[in-house]
Amino acid sequence: MKPKLFGAVCSVCLLQTSMLFAGSSTEPDAFTSITPTSTSDPWITGSLNAGFETLHVYRGVDSSFGEQNYWGSLDLDMLNFFHFNLYSGHSSNREYNELTPSAYLYKDVGPVRLSTGVILYHFPSGKGSDSDEYFVSASSEIAYGIQATAYFSYNERADGWYDELKLSRNTELTDRLSLETSAALGFSDGLRSGGNGLDNLTISVGLPIKITDQITLKPLAGYAFALDALDSGDESWAGLTASFKF
């Protein structure tokens with residue numbers, strides 16, 4: 001295990017300690033649907049999202065080849081049962097170019113949300129390998145508004161596994177301002193050139209600003225610690241996201 005793991009774990013402990021004393025939580029899990037608040041739920045809800053990142057870091061790895069990333073996405077949630085996402089991103093020099101759809105089914109069983117789905121990674125520029133990832137996940141609020149998510153996935157092309165344990169929290173600061181914090185610890189087997197085992201520890205912070213009931217702006221920042229399975233270095237990034245809900 002790399003020596004930096006001790007420092008990484010300490011960072012998680014500090015982050016989660018700050019979560020405990022931050023206030024109440026309204027954070028949905030990463031795989032939680034967009035839930036309408038009206039008494040008469042529409043059969044479909046969604047959001048359009050666009051953003052900028054100084055670097056596109058995915059599961060601890062720089063995926064945009066050191067370049068800035070400009071991205072957009074569409075989220076659709078149907079019948080409180082099915083979720084669809086379409087992500088499109090490209091670097092400033094177009095060396096990184098991705099168009100990836102994903103879909104999953106979900107169901108609440110008591111306090112736990114269970115999900116299963118597929119991600120179809122596609123890189124039109126050829127810089128990257130197209131592949132299919134099948135996953136299952138379970139998420140639940142555990143204490144003090146902290147949401148815990150366990151994610152298990154299999155990549156068919158790589159014949160490898162990526163699993164993740166994530167803790168997240170959303171703290172309302174005012175009627176229009178909140179604080180999002182998360183820490184995710186990844187494990188991989190058969191996917192990385194550095195070997196198998198602990199993959200990355202990624203910490204992120206966001207500050208969603210509610211402009212209207214439908215429009216939100218969110219500045220964000222993150223840091224990823226490269227662990228045993230990665231032979232690359234740590235990564236950091238910042239960005240800005242705009243979302244329109246409908």
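Only the coordinates and a few stated rules stand behind these numbers; no lab work does. Predicted model only: the values in this text are computed from it and were never measured. Positions of Cβ are generated from backbone atoms using ideal geometry, with glycine treated the same way; all protein chains shown enter the neighbour counts.
The fewest-to-most ranking of Lys245, Lys166, Lys107 by surrounding Cβ atoms within 10 Å reads Lys107, Lys245, Lys166. Each other residue within a Cβ distance under 10 Å of Asn196 adds +1 if Lys or Arg and -1 if Asp or Glu, for a net charge of -2. Seen from Leu240, the other residues with C-beta closer than 11 Å to its C-beta sum to a net charge of 0, counting Lys and Arg as +1 and Asp and Glu as -1.
Note that the stretch 223-240 has calculated 3J(HN,Hα) couplings of 9, 10, 8, 7, 10, 4, 6, 9, 9, 9, x, 5, 10, 9, 7, 9, x, 9 Hz, one per residue in order, obtained from phi through the Karplus relation 6.51 cos²θ - 1.76 cosθ + 1.60 (θ = phi - 60°); glycine and proline are x. In a reduced charge model with +1 at each Lys and Arg Cβ and -1 at each Asp and Glu Cβ, the stretch 133-246 shows a dipole moment near 520 debye about its Cα centre.
For Lys210, the aspartates and glutamates whose Cα comes closer than 18 Å to its Cα, not counting residues fewer than 8 places off in the same chain, are Glu27, Glu172, Asp175, Glu180.
What separates the Cα centres of the stretch 145-186 and the stretch 198-246 is a distance of 11 Å.
Only Cα pairs under 8 Å and 6+ residues apart enter the sum, and on that basis the relative contact order of the stretch 123-246 stands at 16 percent. Net charge of the neighbourhood of Ala183, taken over other residues with C-beta under 10 Å away and scored Lys/Arg +1, Asp/Glu -1, is +2. Listed by chain and number, the aspartates and glutamates placed with their C-alpha closer than 17 angstrom to that of Lys127 are Asp62, Glu67, Glu95, Glu98; residues fewer than eight positions away on the same chain are left out.
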